[in-house]
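Below: the structure, in structure tokens.
The values are calculated or read from the model by the stated rules, or taken from the named source; none is laboratory data. Computed from a predicted structure; not experimentally measured. In this analysis, Cβ positions are derived from the backbone assuming ideal geometry, glycine residues included, and neighbour counts consider all displayed protein chains.
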Amino acid sequence: MRLKGWDTREGRALAAMCAAACGAGTADTSVHDDLDWPDFLALADRHKVAPLLGHLVGGDRSPRVPEQVREDLTRAFQLSTFRALGQVSVLDRILAAFAAGGISAISLKGVSLAARYYPALGARYSGDLDVLVAQGQIAPAGEILRDLSCRQISTRTHRELRPGEDDVGFEHHQMFISPEGHAIELHYSLHPNDALLPSDLQEWARGGSVTQICGRSVSVLPDHVLFAYLCAHGARHQWKRLQWLCDLAMLATRSSPADRGQWVANAKRLGLWPVVLQTQSMAEVFLGSSLGEEFRARRTSLRLGFLTHRAGQAIRGDLGPYPEKSTGRADIALRLYRLLLAPSLRYVLSEIGRTGSAMLARARGLSSGCILFLP
């Protein structure tokens, strides 16, 4: 499949270099001649893959790029490393305080994903710290963060909340800013609709999934849950970043066929198999590689092809900003459209039930938790 608009020399070069950095392909140095390098760097920055490419061009198998571009990408990698080290320090302080308060917590994405699957901590750009706690512990966890001098901000307006002021309308996470200026998202579920991606911290903790970050042991999601989460997260946010496909490519290329078979079984159990197929199609289009033979299936569905095309438009930036705060008739149409693209009848029914409760409680329509590009 080829998506109109992405097929430019700069786009092909970026995709080839990302595939090489993920171990999913080999960068073609011939395509890098006479590129519009400022456009290439802007594209790499928009898709948050400049640090990854910075690590690539610093290696022994570096593709041919101009020296100034190499310096810019290397600087992006160095800045990302510096930022990641600061986030690790904040994460360590938060997890230690949670443990002292009897709160179990898991690190999502960010530095834990980089430490586990990327070739270097700074090779993955991390904009914030995502920490998952049980829903019943969101209030005491928030109090601990405030005791650590973290400032809470509104998840909708990003305005700092006054002492005692509630974050009205937050759905599956709260937002804080550490004294050092790092953003923290405190999650109590993996998705606004918990029926789609149910969270079971006790089961995951018993599984003992941990990763080492700068000598510290940090609890993380099991791989089969992480794979489903990354697929759903990318689809929910319209695949606006090539970085999210790189995350999945890193995960897939560093796993065994048996592992990937478990991921497939879990995705089908959750009703997310169409999402996985869409993710596989996106990886083939943009990275030129498969996430694994386990994810191959007949993808002749017109709807799946249309959704992959729409997601391709989003990753190129053709669709504009994510319209999750639309209102009025456009809001109703958008929300109905999202429901029509739900992955399973179970999801539709649970979303309708959740929406009914939300409407009775807050007199509002479907929340922005629906997944726009799920077939």
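On inspection, Ala249 does not qualify as modelled with pLDDT under 80 and either part of a loop (DSSP other than H, G, I, E, B) or aliphatic (A, V, I, L, M) (or both).
Here the condition is being hydroxyl-bearing (Ser, Thr, Tyr), under 25 Å from Leu272 (Cβ atoms), under 22 Å from the mean Cα position of the chain (by Cα) and modelled with pLDDT of 90 or more; of Ser178, Ser189, Ser126, it holds for Ser126 alone. Within the stretch 244-256, none of the residues are β-branched (Val, Ile, Thr), touching a residue at least 24 places away in the same chain (Cβ under 8 Å) and buried (at least 19 other Cβ atoms within 10 Å of the Cβ). Taking the stretch 119-134 as the range and being assigned to a loop (DSSP other than H, G, I, E, B) and surrounded by fewer than 22 Cβ atoms within 10 Å (Cβ to Cβ) as the test, the residues that pass are Pro119, Ala120, Gly127, Ala134. The single residue among Gly102, Gly122 that is more than 24 Å from Ala44 (Cα to Cα) and small (Gly, Ala, Ser) turns out to be Gly102.
On inspection, Gly102 fails the criterion of being surrounded by fewer than 17 Cβ atoms within 10 Å (Cβ to Cβ), touching a Lys or Arg at 6+ places or on another chain (Cβ under 8 Å) and not polar (S, T, N, Q).
Put simply, of Gln212, Gln174 the only residue that is of a type in the set (S, T, N, Q) and free of Cβ contacts under 8 Å to residues at least 60 places away in the same chain is Gln174. One residue stands out among those in the stretch 53-111 that are in a loop (DSSP other than H, G, I, E, B) and of a type in the set (A, V, I, L, M, F, W, C): the one that is nearest to Leu129 (Cα to Cα), which is Ile103.
Scan the stretch 135-168 for residues that are out of contact with any strand residue (DSSP E or B) (no Cβ under 8 Å at 6 or more places or on another chain), surrounded by 14 or more Cβ atoms within 10 Å (Cβ to Cβ) and under 30 Å from Lys48 (Cα atoms) and the total you get is 2. Filtered by the rule that a residue be under 24 Å from Ile213 (Cβ atoms) and surrounded by fewer than 22 Cβ atoms within 10 Å (Cβ to Cβ), the stretch 56-76 gives Gly58, Gly59, Thr74, Arg75. When the stretch 170-226 is filtered for residues that are closer than 30 Å to Gly271 by Cβ, among the hydroxyl-bearing types (Ser, Thr, Tyr) and not in a strand (DSSP E or B), the ones remaining, listed by number, are Tyr188, Ser189, Ser199, Ser209.
Scanning the stretch 1-34 for residues that are modelled with pLDDT of 85 or more and part of a loop (DSSP other than H, G, I, E, B) gives a single hit, Cys22.
In the stretch 72-99, of all residues being among the charged types (D, E, K, R) and in contact with a helix residue (DSSP H, G or I) (Cβ under 9 Å, 6 or more places away or on another chain), the one that is farthest from Tyr117 (Cα to Cα) corresponds to Asp72. For the stretch 272-288, the tally of residues that are crowded, with 19+ Cβ neighbours inside 10 Å and not in a helix (DSSP H, G or I) stands at 2. With respect to Asp194, determine if the residue is among the acidic types (Asp, Glu), crowded, with 16+ Cβ neighbours inside 10 Å and either touching a helix residue (DSSP H, G or I) at 6+ places or on another chain (Cβ under 7 Å) or under 20 Å from Leu287 (Cα atoms) (or both). Answer is no for this residue. The conditions of being under 23 Å from Leu53 (Cβ atoms) and either small (Gly, Ala, Ser) or touching a residue at least 12 places away in the same chain (Cβ under 8 Å) (or both) are not met by Trp204. Residue count for the stretch 198-220 under the criterion of being out of contact with any strand residue (DSSP E or B) (no Cβ under 6 Å at 6 or more places or on another chain), modelled with pLDDT of 85 or more and among the aliphatic types (A, V, I, L, M): the result is 1. Screening Thr157 with (1) within 24 Å of the chain's Cα centre (by Cα); (2) part of a loop (DSSP other than H, G, I, E, B); (3) touching a residue at least 12 places away in the same chain (Cβ under 8 Å) gives one miss only, at (3).
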